[in-house]
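Working notes for the structure below.
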Amino acid sequence: MGVTHHGRTERLDLADPTLRDWTCTVLAADPEQGIVLDRSAFYPGGGGQPPDHGVLLWQGVQTRIVGTRKGDDLWLIPAEGDPLPPAGTQVAGAVEDTRRTLLMRTHSGLHVLCGVVFRDFGALVTGGNMEPGEARMDFNLPEVPADFKARLEELVNAEVGADRQVTTKVLARDEALALPDIIRTQANLIPADEQEIRIVDIVGLDVQADGGTHVASTSQIGRLQVVKVESKGKANRRVRVRLA
């Protein structure tokens, strides 16, 4: 998955995560594979963040988009039974705002959580998953204090309330990997052939490689509730969170 393009598709979602509607041209439409656009603001999924949903509007017709399929091209998957706009058709695309905004807030909340756990407890991420408004993150954390759940929620929300700016930049692979602690997962998940790496910086708290969409500042996350802390083996703790 490229930083500016995926195959023939320009990635508008990473250039401007606030963009919700745009015009574009259909490059390919196949009943088995889906639809390829020349420009797309649909986040295609990856790094634990699910793909966007939305619609394409063309010639008085609506095609609902319910997922993506990533290969040499970025294929949008239409809802079953919806018509496909033929190649060459000019269409208007629209991302479902409620879902995307919740995912952006959730994803940025996980970065705050990750930053706090790394800073205060020295633990790396071993796994995670998110849905709109709720998520889980696993940490290499063999032991935690008795008040860990309450303490973690307090620490995380202090950072949310600090209204820290969230910025992104793209660096050459060698430059990015030279940054200290840029990989916050226990295993390096960056593909070996990826020559440009996108960096998400919660200024003053957390800097890491990431390909997802985020809010502009931590105050936009809203309060994050630590729902549960579970033991997942000798050295792993699973933290479940949701937007309050």
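How far is helix 148-161 tilted off the main Cα axis of the chain, in degrees rounded to 10, range 0 to 90?
The angle comes out at about 60 degrees.
For the stretch 120-180, max minus min Cα coordinate along each principal axis, in Å, sorted largest first?
Computed over the stretch 120-180, the largest-to-smallest principal extents equal 42, 29, 25 Å.
So, by mean Cβ neighbours within 10 angstrom, what's the order for 162-168, 73-79 with the highest one leading? Provide the component values of the computation, followed by the final result.
Values: 162-168: 16.0, 73-79: 20.1.
The densest-packed peptide leads the list: 73-79, 162-168.
At a threshold of 8 angstrom on Cα-Cα distance, excluding pairs fewer than six apart, so keeping six or more, what relative contact order does the stretch 97-193 reach in percent? It would help to have the intermediate numbers written out before the result.
On the way: 72 pairs, mean separation 27.4, N = 97.
In percent, rounded to a whole number, it is 28.
So for GLU153, GLU175, what's the accessible-area order with a 1.4 Å probe, most first?
On the way: GLU153 35, GLU175 105 Å².
Of GLU153, GLU175, the descending order of accessible area is GLU175, GLU153.
Could you tell me how many cubic angstrom of Cα convex hull volume the stretch 1-132 has per residue?
Hull volume normalised by residue count: 111 Å³.
Give me the 1.4 Å probe accessible area per residue for the chain, excluding ligands and nucleic acids, in Å².
Details: 11340 Å² over 244 residues.
Value for the chain: 46 Å² per residue.
Given the chain, what whole percent of its Cα pairs are spread farther than 25 Å? Intermediate results must be reported in sequence, preceding the final value.
Numbers: 13358 of 29646 pairs.
The proportion of pairs with Cα distances above 25 Å equals 45 percent.
Which percent of the accessible heavy-atom area of the stretch 1-123 goes to carbon and sulfur, probe 1.4 angstrom? Walk me through the numbers before you get to the answer.
Numbers: 2560 of 5070 Å².
That share works out to 51 percent.
When the helices in the chain are scored as -39500 (n - 2.57) per DSSP H run of 4 or longer and the sum is shared across all residues, what 222 nm value do you end up with, to the nearest 500 deg cm²/dmol? Working shown, then result.
Working: 4 runs with 48 residues, N = 244.
Helices in the chain give a 222 nm mean residue ellipticity of -6000 deg cm²/dmol.
Under 8 Å for C-alpha pairs, at least 6 residues apart: give me the relative contact order for the chain, rounded to a whole percent.
On the way: 535 pairs, mean separation 46.7, N = 244.
The value is 19 percent.
The values are calculated or read from the model by the stated rules, or taken from the named source; none is laboratory data. Fair warning: this is a prediction, and the values are worked out from it, not measured in the lab. Neighbour counts are summed over all protein chains in view; Cβ atoms, including those assigned to glycine, are modelled from backbone coordinates with ideal geometry. Note: accessible area is taken over every heavy atom of the protein model, side chains too, but ligands, DNA and RNA are not part of it. Shrake-Rupley method; radii C 1.70, N 1.55, O 1.52, S 1.80 Å.
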